[in-house]
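The values are calculated or read from the model by the stated rules, or taken from the named source; none is laboratory data. Quick caveat: nothing in here was measured; it's all calculated off a predicted structure. When we count neighbours, we look across all protein chains shown, and the Cβ atoms used for this are built from the backbone with ideal geometry, even at glycine. For the accessible areas, the whole protein counts, side chains as well, though only heavy atoms, and no ligand, DNA or RNA atoms are used. Shrake-Rupley method; radii C 1.70, N 1.55, O 1.52, S 1.80 Å.
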Amino acid sequence: MSGPTPMHNAKVMNRFELTKRLVGRLKDEAVIGGIGNSNFDLNAAGQRPENFYMLGSMGLAAPIAFGVALAQPHRKVFALEGDGSLLMQLGCLTTIAAQAPKNLCIILWDNGVYQITGGQGTPAAAARADLVGAARALGLTQSNWAADEAEFDSLVGQALSGNGPWLIGARIDDKPGVSQTQRDPSLFRDRFMRGMGAKKA
Ligand SMILES: Cc1ncc(C[n+]2csc(CCOP(=O)(O)OP(=O)(O)O)c2C)c(N)n1
């Protein structure tokens, strides 16, 4: 896809509502929730053994999802990441673009703030940077802002049925996540490995 990335026309939506819309149509797809609110809302949208929750480090949802996508090329893999976190690890997009896994979709939750640590503005918000445009420039040509919920659904549908890699940008409000995940990394790891069929039940 080409053409402008109309970030400023995109509706401000809600992360939990969009996460529910995504999870509601999944079967065996893997979903990697980034630190904090991204994984809190994934957790609140319903437990699935195919969910992995990143704790502690910003910017690792997309790199982890990338690894899962390479290891299991027949499974679709989604990464959910906040704008502050993606900024911390923007270079991963170049690696993903170079390898171009067909089964990977990154969903960017752009609230323009580091919400969970007190709502400080991210540098991207201050400079009005267009992270979807940046992703395209870094080689992820199938990167688009979702103008509204219907377009978000449509872009997720394309990611589920077509060849990626994809990046979907969603402008969201500054509400915190609606739940908190347990802080239990070994539980998350073991459950996810079973969910991926990489460890016996
Ligand atoms: C390397 C690193 N620096 C800082 C933190 C503290 N920290 C945790 S989450 C977070 C903000 C995340 O912002 P964003 O990804 O935009 O998500 P939001 O909180 O807005 O949902 C920060 C600064 C951290 N965990 N790791």
Open item on the list: Given the criteria over 20 Å from G169 (Cβ atoms) and either more than 10 Å from the ligand (Cβ to nearest atom) or buried (at least 24 other Cβ atoms within 10 Å of the Cβ) (or both), does R25 qualify?
Closed with: no
TODO: Scan the stretch 8-22 residue by residue and report those that are touching a helix residue (DSSP H, G or I) at 6+ places or on another chain (Cβ under 9 Å), open to solvent by 50 Å² or more (accessible area, probe 1.4 Å) and within 16 Å of the ligand (Cβ to nearest atom).
DONE: E17
TODO: Report whether or not A159 is at pLDDT 95 or above, open to solvent by less than 10 Å² (accessible area, probe 1.4 Å) and touching a Ser or Thr at 6+ places or on another chain (Cβ under 6 Å).
DONE: no
Task: Output for the stretch 46-65, where each listed residue is under 14 Å from the mean Cα position of the chain (by Cα), open to solvent by 30 Å² or more (accessible area, probe 1.4 Å) and more than 9 Å from the ligand (Cβ to nearest atom) - done: F52, L60, P63, I64
Open item on the list: Of all residues being closer than 18 Å to L155 by Cβ and either basic (K, R) or within 12 Å of the ligand (Cβ to nearest atom) (or both) in the stretch 108-144, which is most open to solvent (accessible area, probe 1.4 Å)? Just the residue, please.
Closed with: R136
Open item on the list: Only one of L140, L160, L108, L167 is touching a residue at least 24 places away in the same chain (Cβ under 8 Å) and part of a loop (DSSP other than H, G, I, E, B). Can you tell me which?
Closed with: L140
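Yes or no, residue by residue, for (1) out of contact with any Asp or Glu (no Cβ under 9 Å at 6 or more places or on another chain); (2) at pLDDT below 95; (3) assigned to a loop (DSSP other than H, G, I, E, B):
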{"site": "T5", "(1), (2), (3)": "no, yes, yes"}
{"site": "V31", "(1), (2), (3)": "no, no, no"}
{"site": "I35", "(1), (2), (3)": "no, no, yes"}
{"site": "N39", "(1), (2), (3)": "yes, no, no"}
{"site": "G56", "(1), (2), (3)": "yes, yes, yes"}
{"site": "L87", "(1), (2), (3)": "yes, no, no"}
